[in-house]
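One structure below.
The values are calculated or read from the model by the stated rules, or taken from the named source; none is laboratory data. Keep in mind it's a predicted model, so treat the numbers as computed, not measured. Glycine gets a Cβ as well: all are built from the backbone with ideal geometry, and neighbour counts include every protein chain shown. Ligands, DNA and RNA are excluded from the accessible area calculation, which covers all protein heavy atoms including side chains. Shrake-Rupley method; radii C 1.70, N 1.55, O 1.52, S 1.80 Å.
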Amino acid sequence: MAKNIQSLERAAAMLRLLAGGERRLGLSDISSSLGLAKGTAHGILRTLQHEGFVEQDAASGRYQLGAELLRLGNSYLDVHELRARALVWTDDLARSSGESAHLGVLHQQGVLIVHHVFRPDDSRQVLEVGAMQPLHSTALGKVLAAYDPVAHTEAVEGERQPFTPRTVTDLEEFETVLDLTRARGWAADVEETWEGVAAVAAPIHDRRRMPVGAVAVTGAVERVCSGGELRPELVAAVRDCARAVSRDLGAGRF
């Protein structure tokens, strides 16, 4: 089992200490509370201050949490705002389509599922919230790679593993898929990630018209597709859902 990095543990403990009270803390307070030598505590504080996680009051010399933590916290809250705004719309999408609905965001070179609505039948299903999906083969991933420059870089520079014979791994062909995704406003995954499974996804934008996630319908190929193509009514339903969530996030009409 890998050992934890002591300096990171100490930095985390320091941030929790600073977050635990309403007042600023001095170096002596911090070092004694955490059982650290003043020199060690000061070195960690100086590093955290350089990264913007801690600020030092010029007059008193005491420390408090910095603005960078607020920025990171807002990013975390943005995901929860996205999920909150999407709850009703994804419920409606699953009910109208008869299939599972997923909400995904870019996270660590993949797609993190932040919300999952079960297929509205009595079949046994597994909650997929917290699961990771690949960028290059899933409908959610391709939508994010098409609209989000960071996701695009991750998908292009990362390994495009062949999950099935249908998985697109060639870079030029993959870029063509992304061009098509941008042109029509949605992405497909027909047995590219899992045999017998198909999905369609569309992008969600925020008030700045920036891509913040994607929504998808996923189900068995025989239900989601007709004549080898994704059912047009499912494509329309997913796009309508994505537009509705985008509007709720302040993006206006797309």
Run lengths n ≥ 4 of DSSP H only: what is the helix-derived mean residue ellipticity at 222 nm for the chain, with -39500 (n - 2.57) per run over all residues, to the nearest 500? -15000 deg cm²/dmol
In whole percent, and with a 1.4 Å probe on the protein chains, what portion of the accessible area of the chain is carbon and sulfur? 52 percent
Rounding to the nearest 20 debye, state how big the charge dipole of the stretch 115-254 is about its Cα centre with +1 on each Lys and Arg Cβ and -1 on each Asp and Glu Cβ. 760 debye
Among Ala37, Gly61, Ala155 the positive-end extreme of the charge dipole of the chain (Cβ point charges): Gly61
Most mobile of His136, His80, His102 per a Gaussian network model of the chain (Cα springs, under 10 Å)? His80
With a cut-off of 8 Å between alpha carbons and a minimum separation of six or more residues, what is the relative contact order of the stretch 5-61 in percent? 30 percent
Space enclosed by the convex hull of the alpha-carbon atoms of the chain, per residue, Å³: 180 Å³
With bins 10 Å wide starting at 0, give me the P(r) of the stretch 89-156 over every alpha carbon pair, in whole percents. 23, 44, 27, 6, 0
What relative contact order, as a whole-number percentage, does the stretch 51-144 give when Cα pairs under 8 Å and 6 or more residues apart are counted? 17 percent
Go through 117-128, 44-55 and give me the packing order, highest mean Cβ count within 10 Å leading. 44-55, 117-128
Per residue, how much accessible surface does the stretch 117-222 expose to a 1.4 Å probe? Answer in Å², no decimals. 50 Å²
For the pair Gln161/Gln56, report the inter-label distance in nm, with labels modelled 7 Å from Cα in the Cβ direction. 4.6 nm
